[in-house]
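Q: Got a structure for you, written out below as structure tokens; questions coming shortly.
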Amino acid sequence: MTYLSRDRAQHPNSPVSDYGLNAASRARKIATIRSFYNYLTNKTHQLRENPVKDMDSPKLKKTLPKYLTLDESVQLLNAVDGKNQERDSCILTLFLNCGLRISELVGLNLTDIQGETLRVLGKGNKVRIIYLNDACQAALEQYLAVRRPIVGRDANALFLSARNERISRSMVHAMVKKRLSAAGIDASQYSSHKLRHTAATLMLQNGVDVRAVQEVLGHEHLNTTEIYTHVDNEGLRIAAKANPLSRYVKQEKRKNSDDSDKETG
């Protein structure tokens, strides 16, 4: 850990110092080590005691998730045109309305569309059902009207590449960056995962219960979803104004002021 925090060389394009990994990178490595020794101790029973169970992780600075505003989301969707516009528009619409993970999106099959619902295979092979709103249904209908039928192993894949194969994660990442730039939005600040943040934030800002958002996003723990409740600036503004002291403004003491004026005169 000392080596990682002080001596490990960083990527040459890193905006910070040349040596030493940040806390998040070190925490990921510790999590991997923990997982490995949990496997050796609890699954294969090759060890009697886990030697790293008490290893501390670096303290992480909590940051609020970055997301697009409603106007920026509309701006992004309106800017989609040209080649593959139906496919790309459908992908962006699903990201922004359903909050899908990129792995969930690329894994979608034609048979996962079941009327007004979408069957999503999430983390840990857990299946959840998402209800499709009008925008999602319309985007899927427009895309499926131009999606070419193919044969082979990816015949059932919902989203296809130009080579008639299931679209890859890297292709989706690149497409999102390209469409963000075309919409005049700084692509270096956003990614496909930030569109998931956007979906969660917009739902909460518009009155959706946090537990319902948890179900839509497929979060195992509620506290993962609750981070989005802290980015609802409008809600914080309303809460501040609701304080009964919000309209109290201390008045200047005119009498004392007048007395001091007389003494000065």
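The values are calculated or read from the model by the stated rules, or taken from the named source; none is laboratory data. It should be emphasised that the depicted structure is a prediction, and the values quoted were computed from it without experimental measurement. When we count neighbours, we look across all protein chains shown, and the Cβ atoms used for this are built from the backbone with ideal geometry, even at glycine. Each accessible area value is taken on the protein alone, full model and side chains, heavy atoms only, with ligands, DNA and RNA left out. Shrake-Rupley method; radii C 1.70, N 1.55, O 1.52, S 1.80 Å.
Q: Could we say that residue 198 is modelled with pLDDT under 80 and in a helix (DSSP H, G or I) here? First the steps, then the outcome.
A: Numbers: modelled with pLDDT under 80: no; in a helix (DSSP H, G or I): yes.
When the stated conditions are applied, residue 198 does not pass them.
Q: Do you know which of the residues in segment 155-171 that are open to solvent by less than 20 Å² (accessible area, probe 1.4 Å) and of a type outside the set (Val, Ile, Thr) is farthest from residue 92 (Cα to Cα)?
A: For segment 155-171, the residue satisfying everything is 157.
Q: From the list 239, 212, 174, exactly one residue is modelled with pLDDT under 85, under 27 Å from the mean Cα position of the chain (by Cα) and either surrounded by fewer than 16 Cβ atoms within 10 Å (Cβ to Cβ) or among the aromatic types (Phe, Trp, Tyr) (or both). Which is it?
A: Answer to the check: 239.
Q: What pairs come up if the first residue lies in segment 132-152 and is touching a residue at least 40 places away in the same chain (Cβ under 8 Å), the second is surrounded by 14 or more Cβ atoms within 10 Å (Cβ to Cβ) and among the β-branched types (Val, Ile, Thr), and their beta carbons are under 7 Å apart, counting only those six or more places apart or on different chains?
A: 135/93; 136/93; 139/93; 140/113
Rundown of residues vs (1) of a type in the set (Phe, Trp, Tyr); (2) open to solvent by 60 Å² or more (accessible area, probe 1.4 Å); (3) touching a residue at least 12 places away in the same chain (Cβ under 8 Å), yes/no style:
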site: 37; (1), (2), (3): yes, yes, yes
site: 40; (1), (2), (3): no, no, no
site: 45; (1), (2), (3): no, yes, no
site: 59; (1), (2), (3): no, yes, yes
site: 67; (1), (2), (3): yes, no, yes
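Q: Would you check which residues across segment 84-105 are open to solvent by 10 Å² or more (accessible area, probe 1.4 Å), out of contact with any helix residue (DSSP H, G or I) (no Cβ under 6 Å at 6 or more places or on another chain), more than 16 Å from residue 165 (Cα to Cα) and touching a residue at least 60 places away in the same chain (Cβ under 8 Å) and list them?
A: 101
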